[in-house]
1. Pick from VAL73, VAL62: which is outside any helix (DSSP H, G or I), over 29 Å from GLU188 (Cβ atoms), among the aliphatic types (A, V, I, L, M) and modelled with pLDDT of 90 or more?
2. Being farther than 18 Å from SER89 by Cα and surrounded by fewer than 18 Cβ atoms within 10 Å (Cβ to Cβ) is the filter here; which residues of region 136-159 pass it?
3. Tell me yes or no: at least one residue of region 105-126 is surrounded by fewer than 19 Cβ atoms within 10 Å (Cβ to Cβ), touching a residue at least 12 places away in the same chain (Cβ under 8 Å) and in contact with a strand residue (DSSP E or B) (Cβ under 6 Å, 6 or more places away or on another chain).
4. Tally up the residues in region 118-160 that are touching a Leu at 6+ places or on another chain (Cβ under 9 Å), part of a helix (DSSP H, G or I), farther than 12 Å from CYS100 by Cα and at pLDDT below 90, please.
5. Which of the following residues is small (Gly, Ala, Ser) and over 18 Å from the mean Cα position of the chain (by Cα): SER29, SER11, SER45?
6. Answer yes if at least one residue in region 73-88 is farther than 28 Å from ARG254 by Cβ and either in contact with a helix residue (DSSP H, G or I) (Cβ under 6 Å, 6 or more places away or on another chain) or polar (S, T, N, Q) (or both), and no otherwise.
7. Filter region 244-263 down to the residues that are hydrophobic (A, V, I, L, M, F, W, C) and part of a strand (DSSP E or B) and list them by number.
8. Search region 152-171 for residues that are over 17 Å from GLU122 (Cα atoms) and pair each with any residue that is at pLDDT below 90 and among the basic types (Lys, Arg) when their beta-carbon atoms are under 8 Å apart and the residues are at least 6 apart or on different chains.
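The values are calculated or read from the model by the stated rules, or taken from the named source; none is laboratory data. If you're wondering where the values come from, they're calculated on a predicted model, not measured in any experiment. Here Cβ is always computed from backbone atoms with ideal geometry, including for glycine, and neighbour counts include all displayed protein chains.
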Amino acid sequence: MSSVLNLQGVSLTHSGQRILHDVTWATDSGQHWVIMGPNGAGKTSLVRVATGREAADEGEVVILGTPVGEHPVGNLATAIGLSSQSVASRLRPGQSARECVRTAAWGQTRSFDEEYEESDTERANDLLAAFGVGHVADRRFSSLSEGERQRVLLARALMTDPEVVILDEPTAGLDLGARELLLRALSEIIAGPRAPQLILVTHQIEEIPAGFTHAALMADGQVTHAGPIDEVLTGVNLSMVFGLPLNVTHADGRWHAHAPREE
């Protein structure tokens, strides 16, 4: 297998606070990763550094076989799709769902004077339809439900046919039905013959779709465990990371965790 993302000895500091500390982590082609940990563990910072969206203070970051600083300008924006609230906040609320998806072809969050080919519009429509939101293509992004917005963001992340897609807490704010629809869509992407590498950032083990192969646990800005998902997501490991006893089960392709009842 060939390396996709590779971090060696990476550290990151914000306003004098160490966010990442000496992180070494790598993904290979054919793998789909979950990054878990408590709030403030450094999960979002890890993927931002790993995908070139933020520069590390120390260490080496290699993306798709090339050091991050040697990638042509704009190359990473099309090679790595991102679905997150940070993207949603930069989209112009008045633009249509179709425009939210189509603008990704130019690495933009809103339309300016760029020209789109008919194939761009067709791909945007096809992606929206694939995620069950084709009927909202002409509606304002601001008018959509939270579940619809998340599926539009996922369609946008796939617009450029990227090699990696980062999903930063994509189920946040969703009700049970919307969450399950989104998780089903992610499992279908993984099962596809040309699936990009998916990297899911979450702090909820129940929100891991079927098909993910590897997991990394984080705490205090460090990767504490990383490897095949069934070796990493254990009660012992999660109890250590979250700081309380946890029992972990896996059934029907989904993971569950709960604290045992005190006797």
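1. Exactly one residue qualifies, and that residue is VAL62.
2. ASP138
3. no
4. Matching residues across region 118-160 total 3.
5. SER11
6. Checking region 73-88: at least one residue is farther than 28 Å from ARG254 by Cβ and either in contact with a helix residue (DSSP H, G or I) (Cβ under 6 Å, 6 or more places away or on another chain) or polar (S, T, N, Q) (or both).
7. VAL248, ALA251, TRP255, ALA257
8. Short answer, once both residue conditions are applied: THR171/ARG179.
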